[in-house]
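*Asks:* My structure is below; once you've seen it, I'll send some questions.
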Amino acid sequence: MNFRPLHDRVLVRRIEAEEKTAGGIIIPDTAKEKPQEGEVIAAGTGARNEAGEIHPLEVKAGDKVLFGKWSGTEVKIDGEDLLIMKESDILGIISNNGGSKDGVVSSDGAG
């Protein structure tokens, strides 16, 4: 892929939701909502502040993120459906380590 987002924009690939419920019911494509989770494919260099300094982005390629339902602009690059959005549209980074690394605290407060 030959695409690099500019400034504070990121390129995200949606992570597809499960096609079955926990009870084994298969969800048809017409009833599925678009997933709000994705993987960052590429990130811009950062936004400029009022002093003209570049503030680097907190997300990087490979991060799994959660974003708003209507966030981003859908684009097709190399035949793949992707999203371009500003970093501010990203609600958070999904951590798989379960600890308090990178400031992530578990829901029970024991992070």
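The values are calculated or read from the model by the stated rules, or taken from the named source; none is laboratory data. Quick caveat: nothing in here was measured; it's all calculated off a predicted structure. All accessible areas refer to the heavy atoms of the entire protein, side chains included, with ligands and DNA or RNA removed. Shrake-Rupley method; radii C 1.70, N 1.55, O 1.52, S 1.80 Å.
*Asks:* Give the accessible area for T73 in Å² (nearest 10); use a 1.4 Å probe, count only protein heavy atoms, and leave out ligands, DNA and RNA.
*Replies:* So the heavy atoms of T73 present about 90 Å² to solvent.
*Asks:* Quick one: accessible surface of E53, probe radius 1.4 Å, all protein chains present, in square angstrom to the nearest 10.
*Replies:* About 110 Å², ignoring ligands and nucleic acids.
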